[in-house]
Amino acid sequence: MKVVVGRDAPVEVASPSGIHAGWSLLVPPGLPNSATAHGAYSALFVDPGQAALERTDRVLDLGRRRGEWLLEELDAEAGGHHRAARIPAGLADVLGPDQHPVGAALRRMTSTTTIGDLAARLGVSPQHVRRMLREHAGTTFGAIMRWHRLREAIALLPRSPIARAGAESGFADQAHLTRTSTAMLGRTPGTF
């Protein structure tokens, strides 16, 4: 899931249920969407398994005050580089910790985890894991792995060349990392 917060103007998120405008919008996992900003903005991506959100098929407006609070918290903790590994306090009343067994298994994933590994941890078949991921996280195992690898690559970028960060995170090459980053975040790795 992601939260898009306008810094100096509201943001818009288009989804199958329409266009939603506000200062702070939460997009649930698995909801097709595209965000538009008419000014500076920040986006917070919450890893599957880190937080639980009641299943919904609509964008949630968190309000301007919550967005300002969230930006202040993230800026203070990360110096503007939003790489927090926990749920920000500004979202704690909306997102709770994920207590589901799938959430716990996802938190222990690495870039080499397979669907078989996840199935073994959960004591079910790989096909059942696929169903559980669709139901619980609103996405597929492949999408979770791409996100996990992308997050690892971005964490390496300040101290590694793009090609090395991609290779160490499980991408086939720099172009693969660039395509994934552009598709998932709308930014190339060189902009981090």
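Quick notes on this one:
- Residue list for region 142-192, filter: of a type in the set (D, E, K, R) and either closer than 15 Å to PHE45 by Cα or outside the structural domain of MET132 (by TED's automatic domain parsing) (or both): ARG146, ARG149, ARG151, GLU152, ARG187
- For the residues ARG130, ARG151, ARG164, the requirement of being closer than 17 Å to MET1 by Cα and surrounded by 14 or more Cβ atoms within 10 Å (Cβ to Cβ) singles out ARG151.
- Looking at region 92-153, the helices (runs of 4 or more DSSP H) lying wholly inside it that each contain 1 or more residues that are of a type in the set (A, V, I, L, M, F, W, C) and modelled with pLDDT under 80 sit at 101-107.
- Cβ pairs under 8 Å, 6+ apart, first in region 170-183 and under 20 Å from THR110 (Cβ atoms), second among the polar types (S, T, N, Q) and assigned to a helix (DSSP H, G or I): PHE171/THR180
The values are calculated or read from the model by the stated rules, or taken from the named source; none is laboratory data. Note that the structure is predicted; figures quoted are calculated from it, not measured. Please note: Cβ atoms are built from the backbone with ideal geometry, for glycine as well, and neighbour counts cover all protein chains shown.
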